1. What's the number of the only condition in (1) part of a helix (DSSP H, G or I); (2) modelled with pLDDT under 95 that Asp50 fails to meet?
2. Identify, please: which residue in the range 28-47 is of a type in the set (A, V, I, L, M) and either part of a helix (DSSP H, G or I) or open to solvent by 30 Å² or more (accessible area, probe 1.4 Å) (or both) and is, among those, modelled with the highest pLDDT?
Amino acid sequence: MDDQLRLTLARAIYGTPELQRYALDPAKPIRITVINGNVTLSGVVDSKMDHDIAGFKANSVPGVFKVVNNLEVDGPQPGK
């Protein structure tokens with residue numbers, strides 16, 4: 001079940017136009033870990049918007065119980 005869920009999550013996240021570049025760049029992937037329906041996103045993204053979109057997309061997949069968004073934002077962040 002977790003393998004199917006991980007595949008569905010990858011399609012939801014990487015199928016989003018703003019996040020497709022992370023699927024193509026092996027140096028900056030969004031890693032998706034699923035254990036018993038609990039999802040952890042990890043890796044480095046370019047912006048807070050990418051961070052938030054990935055979390056939103058992961059939370060929208062049926063069968064996901066909880067999402068922990070551990071994505072780190074690389075580069076300058078507004079307000080800091």
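The values are calculated or read from the model by the stated rules, or taken from the named source; none is laboratory data. All of these numbers come straight from a predicted model, not from anything done at the bench. Side chains are part of the model used for accessible areas, which takes the heavy atoms of the whole protein and leaves out ligands, DNA and RNA. Shrake-Rupley method; radii C 1.70, N 1.55, O 1.52, S 1.80 Å.
1. (2)
2. Step one: of the range 28-47, the residues of a type in the set (A, V, I, L, M) are 30, 32, 34-35, 39, 41, 44-45.
This time we only want the ones that are either part of a helix (DSSP H, G or I) or open to solvent by 30 Å² or more (accessible area, probe 1.4 Å) (or both), so: 35, 44.
Values: Ile35: 97, Val44: 94.
Out of the qualifying residues, it is Ile35.
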